[in-house]
Amino acid sequence: MIGTLDPKIPSGALAGKWNSHKDHARLVSPNNRRKFEIIIVGSGLAGGSAAATLGELGYRAKCFCYQDSPRRAHSIAAQGGINAAKNYQNDGDSVYRLFSDTIKGGDFRSREANVYRLAEVSANIIDQCVAQGVPFAREYGGLLANRSFGGAQVSRTFYARGQTGQQLLLGCYQALCRQIAAGTVQMFPQTEMLDLVVVDGHAKGIITRNLVSGKIDKYAADAVVLATGGYGNVFYLSTNARGCNVTATYRAYKKGALFANPCFTQIHPTCIPHSGEYQSKLTLMSESLRNDGRVWVPKRKEDCGKSPNQIPDNERDYYLERKYPSYGNLSPRDISSRAAKEVCDEGRGVGPGGRGVYLDFADAIKRLGEQTIRERYGNLFEIYEKITGDNAYKVPMRIYPAVHYTMGGLWVDYNLMSNVPGLHVIGEANFADHGANRLGASALMQGLADGYFILPYTLPNYLASQMGKRPSIDHSQFKKAESDIRAKIDNLLKINGKLSLDSIHRELGGLLWEKCGMSRNATGLREALAKIPEVRENFWHNVRVPGDGEDFNQALERAGRVADFLEFAELMCTDALARNESCGAHFRQEHQTPEGEALRDDENFATVFAWEFQGNGQIAPPKLHREPLHFETVHLTQRSYK
Amino acid sequence: MNFRLKIWRQPNAKSSGKLVDYEAKDISPNTSFLEMLDIVNEDLLARGEEPIAFDSDCREGICGTCALTINGEAHGPDHPGAVCEVYMRKFRDGETIIVEPFRVRSFPVVKDLVVDRSALDRIVQAGGFISARAGSAPEANSIPIPKPDVDLAMEAAACIGCGACAAACPNASAMLFTAAKVSHLALLPQGNPERTSRVLKMVHAMDAEGFGNCTNTYECEAVCPAEISASFIAKLNREYARASLRASVRE
């Protein structure tokens, strides 16, 4: 069914690929655009910007989100900033440098051509957002301000206090609102996509459930765009919103779309530590804090119970500064997270359960004054105090890594189209740009690049050959998909067991965190692969989903998502086991340098792993497809932040 | 800690609702208010009863999804902050806590504690945007904006769209919400071309949704999780007066 994976990268020199691709892509003329219906699932930075832009271009767009308003998509929670190669600081930044930082940061597991394009359009994003009224921070002269951000040696990050994601999303939401009012975009809030409909091999529609009325609906379109974010909630506890889920992408996978690199999950180093079993989510503290905060633990285990202010400087281990002198506290996320886990595993962690490290602002306050620190991070210090009850101006913050972002996602080619023609995947939901580790302030950049500046050029290239091919919702594939979904909902409601959803989801999350989290090994992964089907069986026999399907039923919504996580978890572990090397966030204990850093195996694994669903409804081992990665511009080197 | 809860239960918009008594036992003071409700729901589920419906998503105070009135206060006792940021250490052990939805005529109840706030989206759709087509934007630094102006715009732009302002207002007015968006965009040079039409359209949309007027009680400001200042309402009034005058002169 699928031959070798062709990423359809344009020929020619790296720097000219995108321009030449745009010059030769097929177009849809303005008077034909209104004849095309496009479904966009998700209203975050990627989906919202795509829907607004396609609507503005004159296509008829339908945008779906599970939230009660498109303004609530989880992009809103991003704090730190957005990268762009503007070089406003005159500090040596360039498109090439943003590109090469992203390739290296991703530990050579992303595509050069995609990443170069991302760096190229990054500058347009800032122009666009400023034109929309996004209140980025400015200097006294009125020009835009920048800061340096996790893992970068230049200041290329634009920010709006600690609420950059919120402001970018509101800019995009407002553009979307304008199109909704103009009638070019029809918005379907509180509507969840439950299946993809494939007709004659092309993605031509979706099946949805209205979360308020419970009504199941069918929608046909000329193309389907998934912008449904990441799957971090498979771990139960993550920094994702409660509703974030894998359902749309996983069900597309079950309809033939390939899932790429599912084991690449980013563990963010600066989150508020876990405090008890009842906890429903973990809260991120923006990594911008690492610009001024110093990370340390006591040198001696015996000091861990002491108040931090009683531990003198020479008895503290500023382990990031010690191990990575040139990057220090700004070392990339995967490296910082693993280093925190290591010191805690040595028994030098602080706080309840010994799962925490200090992030200390005392030196920065001494150097810059409390007022400056308050201006830079005031809202983050407030969040911290609300959750923990501690004042971080007086005692160091305690932080610990938590699941934050997923680099894996549906496989897409250079046009952001999956192997299923017509199915496009953008933002965190695809796998394309971040390789095995995403750099800070690059998620917002990718979401908006895809939605404002890439998909609007690549989607017409597909549509141009699809005039008049939109099926009716009476097509047999729609009817079949609808009846399958109804049966699945009935099955969930029929289980009528005694266990709560949360208890099973928590069990799955704990298992993955242990076996497929910050570090993995073959034995642990095999154990997880043996255990997950048991947890899944337990779910399908003993969970209790109350109420009925024809109603507002939050337990039913979550049950469907947990059911998908229970299958998807197996795919993650399968991928982690097959990738018998370490790279970026994927740290296999069997493969490390003598200093304990990730040891890549470029000969065998400089390739994308894209998995094809097998099993005709049953779960069978997925089939592996490879897309070799070629590094023609940035030479393969071992990452070094020392 | 232990609590007695009186929680609003209402099956749907058409039927009437009532307060029902529940108990929350052995709750750690470090539990968030919504996690406490999760625990109550787990108990209900174990007993075969229907869980309490309530909205939440990010659970870190930024998405604006959660919306509860606790003991008569929108978002509960720990201002500024959304109800997802309220921790049980803020309550007394043994306290009776009354939990209701946001009570606003323009926010009909969907179920139990969940309300429909799409009226706020429609106010933004009426004009709460700057028309900037992707592809046409000028170079970002071509218009310098004084830092104090952009800082003030950011204060207004911080609104999370939760609707607590309307829930707290004795007139169920959405003036603070509308004022925040009008002010954010009017304070920036990019917002200038649509400044007049924007405020007129947004205020008309707000009125059409059935929200009340402002009578300067400042309850909105007191409960706003994003600390939006009520002085933006004065700004809205000035913008509206300016726009009305301009519109009438043009006619």
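Since every read-out is calculated from the coordinates, none of them should be taken as a lab result. This structure is a prediction, so every number in the text was calculated from the model and none was measured. Here Cβ is always computed from backbone atoms with ideal geometry, including for glycine, and neighbour counts include all displayed protein chains.
With each label modelled as a point 7 angstrom along the Cα→C-beta vector, the A:Arg34-A:Glu550 pair spans 3.9 nm.
Across region B:101-113, coupling constants 3J(HN,Hα) worked out from phi with the 6.51/-1.76/1.60 Karplus curve, θ = phi - 60°, read x, 5, 9, 9, 4, 7, 10, x, 5, 8, 6, 6, 9 Hz, and Gly and Pro carry x. Distances between placed amide hydrogens fall under 5 Å for B:Leu5 paired with B:Tyr22, B:Glu23, B:Ala24, B:Ile97, all partners being 5 or more residues away or on another chain. Using the rule -39500 (n - 2.57) for each DSSP H run of four or more residues, divided by the residues of chain A, the 222 nm mean residue ellipticity is -11000 deg cm²/dmol. The label-point distance for A:Ser326 and A:Lys299, in a model that sets each label 7 Å from Cα toward Cβ, rounds to 2.7 nm. Cross-link partners of A:Lys480 among lysines, defined as those whose alpha carbon lies under 17 angstrom from its own and excluding same-chain residues fewer than eight positions apart: A:Lys204, A:Lys215, A:Lys218, A:Lys254, A:Lys255, A:Lys488. Axis angle, to the nearest 10 degrees, between helix A:501-515 and the longest C-alpha principal axis of chain A: 60 degrees. Post the alpha-carbon centroid distance, region A:513-585 to region A:406-468, in whole angstrom. Their Cα centres are 25 Å away from one another. For B:Val115, the residues whose modelled amide H falls within less than 5 Å of its own, excluding neighbours fewer than 5 places apart on the same chain, are B:Val110. Computed about the Cα centre, the dipole magnitude for the protein assembly as shown is approximately 1440 debye when only Lys and Arg (+1) and Asp and Glu (-1) carry charge, each at its Cβ. The long axis of helix B:33-46 is offset from the longest Cα principal axis of chain B by roughly 40 degrees.
Only one residue of A:Tyr231, A:Gly165, A:Gln190 has its Cα farthest out toward the positive end of the dipole of region A:128-252, where Lys and Arg carry +1 and Asp and Glu -1 on Cβ, and that residue is A:Gly165. Using only Cα coordinates, the Kirkwood hydrodynamic radius of region B:118-250 works out to 15.2 Å.
With respect to the cross-link table entries A:Lys341/A:Lys394; A:Lys62/A:Lys281; A:Lys494/B:Lys25; A:Lys17/A:Lys469; A:Lys306/A:Lys341; A:Lys515/A:Lys642, which display a Cα-Cα separation exceeding 23 Å? Checking Cα-Cα distances, A:Lys341/A:Lys394; A:Lys62/A:Lys281; A:Lys494/B:Lys25; A:Lys17/A:Lys469; A:Lys515/A:Lys642 exceed 23 Å.
Length available on full extension from A:Ala182 to A:Arg626: 0.36 nm per residue minus the Cα-Cα distance, which gives 155.5 nm. Within chain B, antiparallel bridges make up roughly 75 percent of the DSSP beta bridges whose residues both belong there.
Measuring nothing but how far apart in sequence close Cα pairs (under 8 Å, 6+ apart) lie, relative to its length, region A:180-233 scores a relative contact order of 24 percent.
For the protein assembly as shown, the residue among A:Leu359, A:Gly48, A:Tyr457 whose Cα projects farthest onto the positive side of the dipole built from Cβ charges is A:Tyr457.
Region B:103-177 and region A:78-116 have their alpha-carbon centroids 32 Å apart. Each peptide among B:53-59, A:25-31 gets the average number of other Cβ atoms lying within 10 Å of its residues, and from highest to lowest they stand as B:53-59, A:25-31. In this calculation the C-beta distance from A:Glu346 to B:Val20 is compared with R0 = 56 Å, giving a FRET efficiency of 0.65.
The mean count of C-beta atoms from other chains within 10 Å of the C-beta of residues in A:540-552, rounded to a whole number, is 2. Counted over all Cα-Cα pairs of the protein assembly as shown, pairs farther apart than 41 Å make up 32 percent.
Taking amide hydrogens as placed 1.01 Å from N in the peptide plane, the amide H of B:Tyr87 sits under 5 Å from those of B:Phe33, each at least 5 positions away in sequence or on another chain. Taking 0.36 nm per residue of sequence separation and removing the Cα-Cα distance, the A:Leu143/A:Asp474 pair yields an extension gain of 113.6 nm.
Could you name the aspartates and glutamates in cross-link range of A:Lys323, using Cα to Cα under 13 Å and dropping any fewer than eight places away on the same chain? Cross-link targets: A:Glu342, A:Glu595, A:Glu597. Between A:Asp390 and A:Lys642, the C-beta separation translates, for a Förster distance of 45 Å, into a calculated FRET efficiency of about 0.85.
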